[in-house]
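S.K.: Starting off with a structure, shown below.
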Amino acid sequence: MISTYIPYLDLQPHNNRFAQQDLKTFKEIHRTGRFIGGEWVNRFENTFASYCGVDHCIGTANGMDALTIILKAELALGKLPKNAKIVVPAHTYIATFLSVLHAGMQPIPVDVEELTITAQVLRQFHQNYDAIIAVDIYGRLVDDEVYAYAKEKSIPIYCDTAQSHGATSDTGVKSGNLARASAFSFYPTKNLGALGDAGAITTNDHDLAITCRKIANYGRESRFINNLVGVNSRLDPLQAGFLLNRLPQLDTDNQRRVAIASYYFKHLQNTKVSLHTLDFLKNNVVHVFPVYVDHRKGFVDHLDKEGIGTSVHYEVPPHQQKALQELNHLRFPVTEKLHRTEVSLPCHPLMTLEQLQKVVQAVNAY
Ligand SMILES: Cc1ncc(COP(=O)(O)O)c(C=O)c1O
């Protein structure tokens with residue numbers, strides 16, 4: 001029974017595909033004796049920038065820092081005021097909110113429509129705000145209309161692309177190239193994951209790119225001159241090397257994730273288990289495949305007994321966390337229901353048809 005258990009995600013076989021290359025990369029970097037910045041980081045930044053179709057990519061230590069640095073850079077450039085009010089979707093991982101707070105700004109949460117913020121949500125939101133952070137939650141790109149709305153209103157828009165590496169919009173634009181700047185996470189479980197923490201900023205704005213690069217490196221102008229209050233958040237060359245090994249596989253892996261999600265849409269049939277509408281699959285690289293049940297524990301226990309691992313994204317929304325007490329009085333019914341009922345099914349590129357059939361059978365038997 002144990003041997004046939006289908007884990008929610010097992011990173012070992014996933015990474016085993018790159019083991020030989022990774023060892024070679026490790027040896028090469030070890031031999032260079034250069035463990036901060038340098039050729040490998042440059043190579044990853046250039047390769048990822050061209051993959052996303054952007055002019056600039058700046059490696060960072062993780063995804064949350066990437067978003068914080070973008071906002072701090074905008075402040076330094078005078079594009080955002082101190083204490084700026086930043087609209088964020090209530091339905092996201094808390095890192096989106098924290099990055100705004102760490103930049104000395106205020107997160108202004110808005111409820112999502114079905115999953116993400118939409119132009120309709122923004123049109124109906126009448127408070128004042130200075131900027132928007134869109135979040136491609138579960139790998140689903142925020143609709144193009146949101147960017148069009150921000151442009152029409154001349155409101156800067158940034159994107160938290162931590163979950164949408166490689167997703168492509170209706171007009172063929174890649175994740176990372178839709179907003180004024182985007183923040184990627186390469187946390188090991190992400191569609192493009194490193195072997196530790198790693199992140200990156202992408203942008204087409206030259207001044208923003210230069211300022212982000214300085215802020216990520218102590219605010220340094222040059223070796224002994226610091227003109228900005230920066231942080232230490234640099235992409236590790238080893239992680240850059242490991243990411244370079246994985247990037248060529250990303251599109252194939254993403255296609256497989258979409259195929260798995262399509263299979264689920266076709267075969268899952270249980271009135272006690274709700275799915276999103278098929279619109280979910282639009283411009284989506286399916287970082288997470290969510291289903292929704294009223295009695296989460298019972299469903300998770302049932303699947304576990306059937307030999308299927310699951311996850312939850314996420315149990316408690318940011319505005320209800322103790323860490324964000326000033327937001328605890330707010331209510332976001334769509335987000336709260338998503339967080340109360342969501343269960344993530346296994347959806348990773350190495351799943352076999354047999355495993356998929358087993359998941360479908362178990363869900364349908366619930
Ligand atoms: C939506 C979202 N934003 C931001 C982050 C933060 O990324 P990291 O863990 O690399 O700091 C994550 C990942 O954990 C995420 O899922």
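The values are calculated or read from the model by the stated rules, or taken from the named source; none is laboratory data. Only a predicted model underlies this, so the values are computations on that prediction, with no experimental measurement involved. As a convention, Cβ positions derive from the backbone with ideal geometry for all residues, glycine included, and neighbour counts pool all protein chains shown. Accessible surface is based on the protein model in full, side chains and every heavy atom, while ligands, DNA and RNA are left aside. Shrake-Rupley method; radii C 1.70, N 1.55, O 1.52, S 1.80 Å.
S.K.: If I go through segment 118-145 residue by residue, how many of them are acidic (Asp, Glu) and farther than 18 Å from residue 170 by Cβ?
M.R.: Number satisfying all stated conditions: 1.
S.K.: Only one residue in 157, 132, 117 is without any contact (Cβ under 8 Å) to a residue 60 or more places away in the chain, within 16 Å of the ligand (Cβ to nearest atom), within 18 Å of the chain's Cα centre (by Cα) and surrounded by fewer than 24 Cβ atoms within 10 Å (Cβ to Cβ), so which one is that?
M.R.: Sole residue among the options that is without any contact (Cβ under 8 Å) to a residue 60 or more places away in the chain, within 16 Å of the ligand (Cβ to nearest atom), within 18 Å of the chain's Cα centre (by Cα) and surrounded by fewer than 24 Cβ atoms within 10 Å (Cβ to Cβ): 157.
S.K.: Can you run down the residue pairs with Cβ atoms below 6 Å, 6 or more apart or on separate chains, where the first is in segment 196-219 and farther than 13 Å from residue 49 by Cβ and among the small types (Gly, Ala, Ser) and the partner is part of a strand (DSSP E or B) and open to solvent by less than 10 Å² (accessible area, probe 1.4 Å)?
M.R.: Sorted first by the residue in segment 196-219, then by its partner, the pairs are 199/60; 199/184; 216/60.
S.K.: Within the set of pairs 6+ apart or on separate chains, which have a first residue in segment 164-181 that is free of Cβ contacts under 8 Å to residues at least 24 places away in the same chain and closer than 20 Å to residue 58 by Cβ, a second that is open to solvent by 40 Å² or more (accessible area, probe 1.4 Å) and not polar (S, T, N, Q), and C-beta atoms under 9 Å apart?
M.R.: Pairs that qualify, where the first residue is free of Cβ contacts under 8 Å to residues at least 24 places away in the same chain and closer than 20 Å to residue 58 by Cβ and the partner is open to solvent by 40 Å² or more (accessible area, probe 1.4 Å) and not polar (S, T, N, Q): there are none.
S.K.: In segment 196-228, how many are part of a loop (DSSP other than H, G, I, E, B), within 16 Å of the ligand (Cβ to nearest atom) and open to solvent by less than 80 Å² (accessible area, probe 1.4 Å)?
M.R.: 2
S.K.: Right, next: Identify, by number, the condition in (1) in contact with a Leu (Cβ under 8 Å, 6 or more places away or on another chain); (2) more than 21 Å from residue 60 (Cα to Cα) that residue 94 doesn't meet.
M.R.: Tallying (1) in contact with a Leu (Cβ under 8 Å, 6 or more places away or on another chain); (2) more than 21 Å from residue 60 (Cα to Cα), residue 94 fails exactly one: (2).
S.K.: Can you list the helices (runs of 4 or more DSSP H) lying wholly within segment 248-362 that have 2 or more residues being closer than 29 Å to residue 88 by Cβ, open to solvent by 60 Å² or more (accessible area, probe 1.4 Å) and of a type outside the set (A, V, I, L, M)?
M.R.: Here the list reads 333-341.
S.K.: Right, here's the next one. May I ask you to list the residues in segment 94-148 that are within 23 Å of residue 258 (Cα to Cα) and in a loop (DSSP other than H, G, I, E, B)?
M.R.: If the condition is that a residue be within 23 Å of residue 258 (Cα to Cα) and in a loop (DSSP other than H, G, I, E, B), then 112, 113, 114, 115, 116, 117, 118, 136, 141, 142, 143 are the ones that fit.
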